[in-house]
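Beneath this line is the structure, given in structure tokens, with notes to follow.
The values are calculated or read from the model by the stated rules, or taken from the named source; none is laboratory data. Predicted model only: the values in this text are computed from it and were never measured. Cβ atoms come from the backbone with ideal geometry, glycine included; neighbour counts cover every protein chain shown.
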Amino acid sequence: MEGAMDAIYKICEDIPEELDVDVPGLSERPINIFMPRLLQFFQSPHAILRKLSLGSINHFIVMMPTALLLSMDQYLQGLFVLANDSAADVRKLVCSALVQLIEVRPDFLEPHLRNVIEYILQANKDTDDEVSLEACEFWSAYCDANLPPDGLRDFLPRLIPVLLSNMAYADDDESLFDAEEDESFPDRDQDLKPRFHASRFHGSENGEEVDDDVVNVWNLRKCSAAGLDVLSNIFGDEILPTLMPLIQHNLSITGDPDWKEREAAVLAIGAIAEGCIEGLYPHLPEIVAFLIPLLDDKFPLIRSITCWTLSRYSKFIVQGITYQNGHEQFDKILMGLLRRVLDSNKRVQEAACSAFATLEEEASEELAPHLEIILQHLMCAYGKYQRRNVRIVYDAIGTLADAVGGELNQPKYLDILMPPLISKWQQLSNADKDLFPLLECFTSIAQALGSGFSQFAEPVFKRCINLIQSQQLVKVDHVAAGVQYDKEFIVCSLDLLSGLAEGLGSGIESLVGQSNLRDLLLQCCMDDSADIRQSALALLGDLARVCPIHLHSRLSEFLNVAAQQLNPTQCKEAVSVANNACWAIGELAVKVHQEISPVILTVVSCLVPILQNPEGLNKSLIENSAITLGRLAWVCPEIVAPHMDHFMQSWCTALCMIRDDYEKEDAFRGLCAMVRSNPSGAVSSLAYMLKAIASWHEIRSEDLHNEVGQVLNGYKQMLGNGVWERCLSTLEPKVIQKFTRYQS
């Protein structure tokens, strides 16, 4: 029997959907036959059969077939009977079922909610760690299910102590052993986390970010901290009267054996940083004053968690710089984290460097007065860290460059920063994956230094070209090349070249002209890897802005390849590629003008469906489509204007979403050019056009402001006062008010 049940369990796990289909020769679907029998086994005297039957049914919760819906009452009753099963594996599956149900069908549990919460609360204290971990998942799932908070409120005084207790390190937590490693221990290959390079993306948001923590082990401690974080965001300061006395008690225990409770208290302070900030903000100076000494605690895991907790308050600490003692508080945190960056313990190094990168993101220009000491600490760390943590230093350096920009472009800073990086750059072979984070770091530095990077540009540019060429050869025949193909070398090199183009501007022209970058780039734009195409098209757009002359000889090929990325399938499957293709076409259009005319209608035919069916599409793709359509209309209005009645309404709706900047100006120049070419084409969409014009806070370009005014006055005269006034009457008064600025 056990073997048969195990086979059924594996089928339910692997192909649950195939059990809920009609099968020739069977009078019923397999799931309809299995379900009653599986439910009967809930009462088996054998724990293994109870486990396998419950586990089998749990695989159907998300897809919720009719067979389970019809048996829901019996299933729930079975769950409640098994809730106190003697077998931990069964109790774990009961908790798993309740978590899944609260996620996908909370309405089934609502009549039983108080009893369910009571049970989960007890299970959260189960002596079996796997049961308590599964139960702990319930709290975040409950909050995410948008159930009324009142259902949980009464339990908070009992729940919060359980979460805090479970946030302490377990005696067998692998982190306890890792924490003992100091910097003299070389990193093993298995210590190096998989890295994920985010390809260059032109737009307001990149929906494809990768969580750096994906390879970390999920455990009761982390789950409890996540649960407390979610609860703090739902209940805010309400949890403080229960939580803070517990935290204060844990922190007051000073003996060495109790360090785990102190560490958990510091973790809790970090977990509630966002959700409880209103109640905590007035006490932030005291919190910081308490945390700073913990940066020097004898226990490395207390030092590391203190770094993380301080980083959670970075935003609020930076906001408070202008208040009394705000600068002093900021300086203490900055110097405290830098001190820990040079810690001898690898775990603390990692936490401190990551926390400092977070502080950099928030502080931006506030870092400028401290640049010398920051660079001294980071480059000292760069010289002493093992391989894994060096990657985090690269991130901190890159984030610093992004934060302070041109402030970095001073000889005294470059003398500290660049020699060690250049030395490493020269040491690493073209097949060494440690090049990836260095390439990323150089990308940020090049963008920050601008023309100041020109002294380093030529060897960096040539190395990137060489990396792309060599990888393209490896791709053709890796056996002959003697190394494995890795697209990351190409992606990172393309992104660094984009950084050079952005930083050097037209100063990159001679380097491009003396290289075969144009031909390599065209190959990359046609690569079968979406990541490579994404970065290649970003570079195409960047080169179009600063040295379009070097693209001319293959312009039609670039345009056709870019246009191919805008078909509906690509827009769904590789949205970031489509986004960059769209942006690059727009950048080319404003530089090459009439030379883009052969491909205009092809591109327009791809852009219009994006604007007409924006549901579920990336916001940046919609915005870039609207901008590029406007740019095409600006350079070739006679080609685009005859078709404007097909897209005017959806286009104007998208234009309303775009923030004021030079790209929006280009789009509206296209709008004005089209209307001049075909004024009657916009009459049926006039209200939409007026709303788009009203979306401007201010048109700073005087000539565009005047053009828009001429368009409005032209329609007013063409339509006559009666029709014009009727059109205005459909708009809100605050929208109408904006048009007074264009009256001549």
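For the reader, a short list of remarks on this structure follows.
- Any hit, the stretch 589-601, residues being farther than 19 Å from Asp495 by Cβ, among the polar types (S, T, N, Q) and touching an Asp or Glu at 6+ places or on another chain (Cβ under 8 Å): no
- Residues satisfying the stated conditions in the stretch 656-672, i.e. in contact with a helix residue (DSSP H, G or I) (Cβ under 8 Å, 6 or more places away or on another chain) and either without any contact (Cβ under 8 Å) to a residue 12 or more places away in the chain or not in a helix (DSSP H, G or I) (or both): Cys656, Met657, Ile658
- Candidates Tyr688, Tyr742, filtered to the one that is modelled with pLDDT of 85 or more and aromatic (Phe, Trp, Tyr): Tyr688
- Per the conditions (1) within 25 Å of Arg158 (Cα to Cα); (2) touching a Gly at 6+ places or on another chain (Cβ under 8 Å), the sole criterion not satisfied by Ala273 is (2).
- Filtered residue count, the stretch 612-621, keeping only those that are surrounded by 21 or more Cβ atoms within 10 Å (Cβ to Cβ) and assigned to a helix (DSSP H, G or I): 2
- So Ser71, is it surrounded by 17 or more Cβ atoms within 10 Å (Cβ to Cβ), out of contact with any strand residue (DSSP E or B) (no Cβ under 6 Å at 6 or more places or on another chain) and in the same structural domain as Gly151 (by TED's automatic domain parsing): yes
- Subset tally (residues that are within 19 Å of Ala396 (Cα to Cα) and not in a helix (DSSP H, G or I)) for the stretch 298-340: 1
- Taking (1) of a type outside the set (D, E, K, R); (2) at pLDDT 95 or above; (3) over 22 Å from the mean Cα position of the chain (by Cα) in turn, Ala396 satisfies each apart from (3).
- From Leu246, Leu284, Leu280, Leu267, residue being buried (at least 16 other Cβ atoms within 10 Å of the Cβ) and more than 32 Å from the chain's Cα centre (by Cα): Leu246
- Only one of the numbered conditions (1) buried (at least 16 other Cβ atoms within 10 Å of the Cβ); (2) of a type outside the set (A, V, I, L, M); (3) in a helix (DSSP H, G or I) is violated by Asp343, and that is (3).
- Filter pass, Asp126 being over 32 Å from the mean Cα position of the chain (by Cα), farther than 30 Å from Ala268 by Cα and in a loop (DSSP other than H, G, I, E, B): no
- When Ile33, Ile48 are checked against the criterion of being β-branched (Val, Ile, Thr), surrounded by 13 or more Cβ atoms within 10 Å (Cβ to Cβ) and over 24 Å from Ile120 (Cα atoms), a single residue qualifies: Ile33.
- Any hit, the stretch 54-64, residues being assigned by TED's automatic domain parsing to the domain that holds Glu110, of a type in the set (Phe, Trp, Tyr), outside any helix (DSSP H, G or I) and surrounded by 15 or more Cβ atoms within 10 Å (Cβ to Cβ): yes
- Of the helices (runs of 4 or more DSSP H) contained entirely in the stretch 441-559, those carrying at least 3 residues that are over 32 Å from the mean Cα position of the chain (by Cα) and without any contact (Cβ under 8 Å) to a residue 40 or more places away in the chain fall at 454-476, 478-481, 509-513.
- Residue, nearest to Cys672 (Cα to Cα), within the stretch 727-744, restricted to residues that are under 46 Å from the mean Cα position of the chain (by Cα) and surrounded by fewer than 11 Cβ atoms within 10 Å (Cβ to Cβ): Gln743
- Lone qualifier among Leu159, Leu76, Leu113, Leu152 - being in a helix (DSSP H, G or I), crowded, with 21+ Cβ neighbours inside 10 Å, out of contact with any Lys or Arg (no Cβ under 6 Å at 6 or more places or on another chain) and of a type in the set (A, V, I, L, M, F, W, C): Leu159
- Any hit, the stretch 53-72, residues being in contact with a helix residue (DSSP H, G or I) (Cβ under 8 Å, 6 or more places away or on another chain) and either among the basic types (Lys, Arg) or more than 21 Å from Pro16 (Cα to Cα) (or both): no
- Candidate set: the stretch 209-260, residues that are of a type in the set (S, T, N, Q), within 23 Å of Phe299 (Cβ to Cβ) and part of a helix (DSSP H, G or I); chosen: the one modelled with the highest pLDDT: Ser224
- Of the criteria (1) in a helix (DSSP H, G or I); (2) surrounded by fewer than 23 Cβ atoms within 10 Å (Cβ to Cβ), which one Val675 fails: (2)
- Only one of Thr358, Thr399 that is over 24 Å from Ser493 (Cα atoms), in contact (Cβ under 8 Å) with a residue 24 or more places away in the chain and assigned to a helix (DSSP H, G or I): Thr358
- Any chance Glu663 is assigned by TED's automatic domain parsing to the domain that holds Ile610, of a type in the set (Asp, Glu), modelled with pLDDT of 90 or more and surrounded by 12 or more Cβ atoms within 10 Å (Cβ to Cβ): yes
- Only a single criterion out of (1) touching a residue at least 40 places away in the same chain (Cβ under 8 Å); (2) closer than 28 Å to Glu350 by Cβ is not satisfied by Leu428, namely (1).
- Scanning the stretch 79-90 for residues that are assigned to a helix (DSSP H, G or I), in contact with a helix residue (DSSP H, G or I) (Cβ under 6 Å, 6 or more places away or on another chain) and within 19 Å of Tyr142 (Cα to Cα) yields a count of 1.
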